[in-house]
1. Can you spot a residue in segment 91-99 that is in contact with a Ser or Thr (Cβ under 9 Å, 6 or more places away or on another chain) and without any contact (Cβ under 8 Å) to a residue 60 or more places away in the chain?
2. Mind listing whichever residues of segment 4-13 are crowded, with 17+ Cβ neighbours inside 10 Å and either of a type in the set (Lys, Arg) or within 22 Å of Val97 (Cα to Cα) (or both)?
3. Taking the conditions exactly as written (more than 21 Å from Ala138 (Cβ to Cβ) and among the aliphatic types (A, V, I, L, M)), does Val17 satisfy them or not?
4. I need a count of the residues in segment 157-168 that are of a type outside the set (A, V, I, L, M) and open to solvent by 10 Å² or more (accessible area, probe 1.4 Å).
5. Could you please let me know if Cys201 is hydrophobic (A, V, I, L, M, F, W, C) and at pLDDT 95 or above?
6. Name every residue in segment 14-36 that is open to solvent by less than 30 Å² (accessible area, probe 1.4 Å) and aromatic (Phe, Trp, Tyr), in order of residue number.
7. Sort out which residues of segment 10-36 are among the aliphatic types (A, V, I, L, M), within 10 Å of the ligand (Cβ to nearest atom) and part of a helix (DSSP H, G or I), and write them in order of number.
8. Starting from segment 7-29, keep only residues that are among the aromatic types (Phe, Trp, Tyr), then list their pairs with residues that are in a loop (DSSP other than H, G, I, E, B) and more than 6 Å from the ligand (Cβ to nearest atom) whose Cβ atoms are within a distance under 7 Å, requiring at least 6 positions of separation or different chains.
Amino acid sequence: MDERYVFKILMLGDAGVGKTCLLQRFVENRFTGNYKCTVGVDSKIRTVEISGHKVKLQIWDTAGEERYRSMMSSYYRHVQGIILVFDTTRRRSYQNVDYWLKEIDKHAATNVRILLVGNKCDAFQGRQVCQQSAAIYAESLGVTYVEASAVTGANVERLFANLAVSIFDTHVERNRPGTVFPAEDKNAVTLKQGTGIRDFCC
Ligand code: GTP
């Protein structure tokens, strides 16, 4: 099996929205609740399989805190995919999605694939952003919206899978009917080409 594909993915969003926890859930399948803000950037790698190709996902977790933002612009270089996260229990982080989109527009390539993620969907009580309005907003931007939870793991595999397939389609320019994650992965998902996951309820 060839291993020539490496996709660089950036995680963006306000401080405390759960970027580090989502990445930890995806790469190590665990959640540690203690909050330590990311300093600068951190990265993790996970290899997935897309249509018989091994694809290495190199995922960069950025600091959401404002004081680190000036150093972030260089990290957008050569990025093929962006996971833009907000916190469904914090309306402000959703309003700030506009800010992050402007940053993406300024610094990233025009064909970068973007996925909008509403994290912490396990916290039903504290919800401040309704799923439907976020989905409509995402649709107006032409991006896929996924609600996820790093605590329960809901949709975490799915969101990374969706982005990886989207990057594969854009950059490898192959039209395939579907993709399957490695068989040993018990959270394996099969995504059909063009299947949106906006209406998947958390
Ligand atoms: P910065 O590094 O400062 O940019 O923050 P971050 O976006 O990486 O946030 P982080 O992953 O560190 O999580 C922030 C807080 O949110 C932590 O206290 C986590 O326990 C909590 N958290 C993260 N994901 C979830 C989730 O899915 N549900 C709930 N309820 N809490 C979460």
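The values are calculated or read from the model by the stated rules, or taken from the named source; none is laboratory data. For clarity, every value in this text was computed on a predicted model and none was experimentally measured. Cβ: placed from backbone, ideal geometry, glycine included. Neighbour counts: every protein chain shown. Just the protein is used for accessible areas: all its heavy atoms, side chains included, with ligands, DNA and RNA removed. Shrake-Rupley method; radii C 1.70, N 1.55, O 1.52, S 1.80 Å.
1. yes
2. We begin by selecting, within segment 4-13, every residue crowded, with 17+ Cβ neighbours inside 10 Å; these are 5, 7-13.
Matches in segment 4-13: Lys8, Ile9, Leu10, Met11, Leu12, Gly13.
3. Spelling it out, it is not the case that Val17 is more than 21 Å from Ala138 (Cβ to Cβ) and among the aliphatic types (A, V, I, L, M).
4. Applying the first criterion (of a type outside the set (A, V, I, L, M)) to segment 157-168 yields 157-158, 160, 162, 166, 168.
Now restrict to residues that are open to solvent by 10 Å² or more (accessible area, probe 1.4 Å): 157-158, 162, 166.
Total meeting the criteria: 4.
5. no
6. Phe26, the sole residue that qualifies.
7. Looking only at segment 10-36, we keep the residues that are among the aliphatic types (A, V, I, L, M), and these are 10-12, 15, 17, 22-23, 27.
Filter again for within 10 Å of the ligand (Cβ to nearest atom), leaving 11-12, 15, 17, 22-23.
Hits for segment 10-36 are Leu22, Leu23.
8. Pairs that qualify, where the first residue is among the aromatic types (Phe, Trp, Tyr) and the partner is in a loop (DSSP other than H, G, I, E, B) and more than 6 Å from the ligand (Cβ to nearest atom), are Phe7/Gln80.
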